[in-house]
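Structure record follows, encoded as structure tokens.
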Amino acid sequence: MKYVFGPVNSRRLGISQGIDLVPPKVCNFNCIYCEVGATTTLTCERREYIPLPELLAEIDSLFADPEQIARLDVFTLTASGEPTLHSGIGTVIRHIKAKTDKPLVVLTNGSLLFLPEVRQDLLAADVVIPSLDAAREESYRRINRPASCAPLAEVIEGLVAFRREFSGKIWLEILLAMGINDSPEDIAALAKAVARIRPDKVQLNTVARPPLESFAKPLSREELEAVAASFTVPVEILVDFTSRAREKFRSPSEHEIIEMLKRRPCTAADVGEALNLEPPATSIILEKLAASGRITKTSHHGKQYYQTNR
């Protein structure tokens, strides 16, 4: 399938069935830490980037296998870009929720929530995980490099408005990069914005996988813990892939591995954890794919990552 991927063992969500809503790399941000490469279409235009009938047909094919659905924890709407740019996201959410009571999660940069129609589209979701990496204009432009149609003031006001209207959970993700958006002034501004937004929790993150820009450097866990004390809502620190109870190992599939690496660089351990694959066999396939040129290897902070060619 082209747009449905996984399921994968998500560190945050459990066994997650992923659904991509826009092709790479359609986004209104060009974040310095992005794991899937530079934005090629920098836009705020909402339209049907992937034909809605094709998306719904792939989703329907999932439900033809009740055993597969039963083992899922969540459905996750995401993209190798910004999923709310797809004008049919509301239809996709309602289509899935009409078929299952499994929780539905939306991952978004949150930048379009100032639009009433986008907030309306997301109301049927169970959990929305938006981002807010900076609450000062200079830092926002340094880390997210947004399109001109996504001013920071509107982004924050959109998040505040969505909290008023949305009855589900909001987990606000904040990613910090050393020397970019982590100054005392930045943290104070973020704390003020978080107090207005009132998310159910903050998910605090840093640069963990090979980033788009080499100058995007991570903070230490100790530094993140110090920042966490600035917020009045619960804070979860997301740094390393957290191990979870495993199902029986499956045989590795080259196709599954490549589809996963299209979406983000991963270590061999990441791939094995996400896809329930037996470690030695996973490493053998990764090395075979690298030797054939179908994927590449790169080193980042002492770890070896695999990724598809950008």
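Values quoted throughout were computed directly from the atomic coordinates according to the rules given, and no laboratory measurement underlies them. This is a predicted model, so every value here is computed, not measured. All Cβ positions, even for glycine, are placed from backbone atoms using ideal geometry, and neighbour counts span all protein chains on display.
Short version: what are the Cα gyration tensor semi-axes of the chain, square root of 5 times each eigenvalue, largest first, in whole Å?
29, 24, 19
Taking amide H positions as placed in the peptide plane 1.01 Å from N, state which residues far from ILE237 in sequence (5 or more) or on other chains have amide H under 5 Å from it.
Sorted by chain and number, the residues that satisfy this are LEU204.
Starting from the amide H of SER10, placed 1.01 Å from N in the peptide plane, find each other amide H under 5 Å away whose residue is 5 or more places distant or on another chain.
So SER10 has HN proximity to ILE15, SER16.
Once you place label points 7 Å from the Cα toward the Cβ at HIS301 and ARG141, how far apart are they in nm?
Placing both labels 7 Å beyond Cα along the Cβ direction yields 2.8 nm.
If I histogram all Cα-Cα distances within the range 62-122 using bins 5 Å wide from 0, what percent of pairs lands in each bin?
Cα pair-distance distribution for the range 62-122, in percent: 4, 17, 28, 22, 15, 10, 4, 1.
Take the alpha-carbon centre of the range 82-139, take the same for the range 147-219, and report the distance between them in whole Å.
So the separation of the two Cα centres works out to 15 Å.
Residue by residue through the range 299-307, which ³J(HN,Hα) values in whole Hz follow from phi under the Karplus form 6.51 cos²θ - 1.76 cosθ + 1.60 (θ = phi - 60°), with glycine and proline marked x?
Whole-Hz 3J(HN,Hα) from phi for the range 299-307: 9, 9, 6, x, 10, 9, 10, 10, 7.
Using a Debye calculation, one point per C-alpha and no hydration shell, please list log10 I(q)/I(0) for the range 260-310 at q = 0.23, 0.32 Å⁻¹ in order.
Log-scaled intensity ratios, in q order: -0.83, -1.37.
Once the piece of chain linking ILE69 and LEU123 is laid out straight, how much longer is it, given 0.36 nm per residue of separation minus the C-alpha distance between them?
Residue separation times 0.36 nm, minus the Cα-Cα distance, leaves 17.2 nm.
Find out how many positive minus negative residues lie around ILE187, taking Lys and Arg as positive, Asp and Glu as negative, among other residues whose Cβ is under 13 Å from that of ILE187.
Value of the local net charge: -4.
How large are Rg and Dmax for the range 147-193 when only the alpha carbon atoms are used, in Å?
Expressed in Å, the Cα Rg and Dmax of the range 147-193 come to 12.7, 36.
What does the charge count around LEU172 come to, taking other residues whose C-beta lies under 14 Å from its C-beta (Lys +1, Arg +1, Asp -1, Glu -1)?
So the surrounding residues net to +3.
Can you give the Rg to Rh ratio for the range 1-111, taking only C-alpha atoms and Rh from Kirkwood?
0.96
Taking only the Cα atoms of the range 73-184, how large is their convex hull per residue, in Å³?
113
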